[in-house]
1. Can you pull out every residue in segment B:153-173 that is within 12 Å of chain A (Cβ to nearest Cβ) and in contact with a helix residue (DSSP H, G or I) (Cβ under 6 Å, 6 or more places away or on another chain)?
2. Pairs, please: C-beta under 9 Å, at least 6 apart or cross-chain, first residue without any contact (Cβ under 8 Å) to a residue 12 or more places away in the chain and in segment B:54-73, second surrounded by fewer than 17 Cβ atoms within 10 Å (Cβ to Cβ) and part of a helix (DSSP H, G or I)?
3. Please verify whether segment A:27-47 includes one or more residues that are of a type in the set (Lys, Arg), within 30 Å of A:ASN123 (Cα to Cα) and part of a loop (DSSP other than H, G, I, E, B).
4. State whether one or more residues within segment B:46-62 are surrounded by fewer than 24 Cβ atoms within 10 Å (Cβ to Cβ), at pLDDT 95 or above and within 23 Å of A:GLN87 (Cβ to Cβ).
5. For segment B:1-54, enumerate the residues that are over 23 Å from B:ARG72 (Cβ atoms) and of a type in the set (S, T, N, Q).
6. Scan segment A:218-234 for residues that are over 14 Å from A:ALA110 (Cβ atoms) and at pLDDT 95 or above and jot them down.
7. Can you pull out every residue in segment A:126-160 that is basic (Lys, Arg) and closer than 18 Å to B:LEU93 by Cα?
8. Of the residues that make up segment B:133-156, is at least one free of Cβ contacts under 8 Å to residues at least 40 places away in the same chain, β-branched (Val, Ile, Thr) and either within 17 Å of B:GLY56 (Cα to Cα) or out of contact with any Pro (no Cβ under 6 Å at 6 or more places or on another chain) (or both)?
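The values are calculated or read from the model by the stated rules, or taken from the named source; none is laboratory data. Because the structure is a prediction, the values reported are computed rather than measured. Cβ atoms come from the backbone with ideal geometry, glycine included; neighbour counts cover every protein chain shown.
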Amino acid sequence: MTKQFLFDGQPVEFEDGQTILEAARAAGHYIPHLCWHPDFPPHGSCKLCIVKAGGRHVSSCALPAREGMEVESNTPEMNAERRALLQMLFVEGNHFCPSCEKSGNCQLQALAYELEMATARFNHFFPDRPVDASHPDVLLDFNRCIFCELCVRASRDVDGKSVFALTDRGIHKHLVVNAESGRLGDTDFSVDDRAANICPVGVILRKRVGFALPIGSRKYDGAAISVVAMKEGE
Amino acid sequence: MDKPKLRVATTSLAGCFGCHMSLLDIDEHLFELVGRVAFDRSPLTDIKHCGPCDIGLIEGGVCNSENVHVLREFRRNCKTLVAVGACAITGGLPAQRNHLDLGACLQQVYRFRDDIEDAAVPDDPELPLLLDKVYPVHEVVRIDYFIPGCPPSGEAIWKFLGDLIAGRTPRLGHALLRFD
C-alpha cells in the first residue's frame with residue numbers, strides 16, 4: 001500500500017526518501033521556494049518553502065515525508081511568514097525593480113506578487129555593492145544577491161569550475177568570485193555554463209540582451225509563479 | 001441626499017510626477033472620481049497646505065527637509081495615508097545615490113564642470129537641506145497602504161481608490177500588483 005500524508009487537508013502519496021516539497025509537487029501542489037531547484041540537492045537556506053508539520057516549522061525541501069504527517073502550507077500563517085522573509089530579502093539588498101533587466105523574469109519579484117507583498121515594511125539597508133562588468137559576456141550585479149548558492153552549486157557540481165563562493169558570516173555574507181583579482185573576467189567562466197543560467201534573481205546577467213522582451217511577454221507577466229513553476233518543472 | 005464628498009490630498013516629494021500622470025490616466029473614471037471626492041492640497045489645485053482630509057496620496061521618497069515637513073503635514077491631516085509608486089515605497093531612482101557620499105555627489109554634479117564659470121554647490125538659504133539618504137516614506141511616518149509600480153497603472157490606482165472610497169479593504173490582486 002502506498003504511503004500518504006495530509007497536505008493542506010488533502011492526501012498526498014509519497015515514496016520513501018521523497019521530501020515533503022517533492023511529494024507535494026508530484027501531486028500538483030506548489031510550495032514557494034527560492035534556493036531549491038529540481039536539479040540540485042536541497043539547500044534549505046531561503047526558508048520560503050517553510051511549512052508547518054506536526055505543529056513545527058520545517059523546511060519542506062529538506063524534510064523527508066512521513067506516513068500520516070499533517071502539513072500546512074498555503075495558510076495565512078505560513079504565507080505571512082514567507083512574506084516577512086521576502087521583505088527581509090528586499091531590504092537587505094538593493095532591489096530596484098524598475099531598472100533591473102531581470103524584472104518580469106525574477107523569482108524573488110514573482111514570489112512577492114504571489115504573496116501580495118506591497119511593501120518591504122522594514123527599514124532599507126541600502127548596502128554598497130559595486131557591480132563587476134569585467135567579463136565580456138556576463139554582468140554581475142551583486143546588489144540583488146539573495147545568497148541561494150545556486151550559482152555556487154552549479155559552478156562547482158555541474159561545470160566543475162568553482163567560480164563562485166559565499167564568504168563571511170551573517171549580515172556580512174556576500175558572493176565572491178574565485179580569482180586572485182576577484183573579477184569574473186579573470187576566471188574561465190563562460191556564458192554557456194550552467195551557473196550562468198541559474199540565478200533566480202538579477203545577479204548573473206547575460207550582456208546585450210537586457211530588456212529585449214517587452215513588458216507583457218515576460219515570464220511572470222501573464223501567469224503567477226505558482227502556475228509557471230509547476231508547468232515548467234521549476 | 002448625496003453623501004458628502006471625501007477630501008483627497010496628493011503630493012509629489014522626491015518623485016517625477018509620473019504617478020500623478022498615472023492618476024490622470026484613469027481617463028473617464030476621472031469624472032466619477034470628482035463626483036465622489038474633492039481635492040485639497042494637490043498639484044491639481046495648487047492649494048499650498050493640507051487641511052483635514054480623508055485620503056492622502058504620497059508620490060516620491062523623502063530626499064530633503066522640505067519633503068519631511070510636507071510628509072508630516074500629510075500624516076497629521078489625512079486619516080488614510082497611501083504611498084504611491086516605487087519611489088515612495090522603496091526610495092526608487094533618487095535612492096540610487098544612497099551608497100554614495102552626498103558631499104562627493106554634490107561636488108561632482110555642481111563643482112567639477114567645465115561648462116560653468118565659478119561652479120559651486122548651490123547654498124541659497126531658500127533651498128531645503130538634503131538628507132544623507134533618500135528614504136522610503138514608511139521610514140519617516142506611518143503609512144496605511146502601498147500601491148507599488150513605476151508608475152502604478154491607472155487601472156491599479158482606480159481599483160485601489162474605488163475600493164477605498166466604497167469602504168472595502170483595498171486589494172490590487174495579482175494582475176495589478178507590479179514593481180516596474
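1. Across segment B:153-173, the qualifying residues are B:PRO170, B:LEU172.
2. Within 9 Å, no pair qualifies.
3. Residues of segment A:27-47 of a type in the set (Lys, Arg): A:47.
Within this subset, residues satisfying the condition of being within 30 Å of A:ASN123 (Cα to Cα) are A:47.
Checking which are part of a loop (DSSP other than H, G, I, E, B) leaves us with A:47.
Yes, there is a match, as at least one residue in segment A:27-47 is of a type in the set (Lys, Arg), within 30 Å of A:ASN123 (Cα to Cα) and part of a loop (DSSP other than H, G, I, E, B).
4. no
5. The answer is B:SER22, and nothing else.
6. Within segment A:218-234, none qualify.
7. First, the residues of segment A:126-160 that are basic (Lys, Arg): A:129, A:144, A:153, A:156.
Within segment A:126-160, A:ARG129, A:ARG144 qualify.
8. Scanning segment B:133-156 turns up no residue that is free of Cβ contacts under 8 Å to residues at least 40 places away in the same chain, β-branched (Val, Ile, Thr) and either within 17 Å of B:GLY56 (Cα to Cα) or out of contact with any Pro (no Cβ under 6 Å at 6 or more places or on another chain) (or both).
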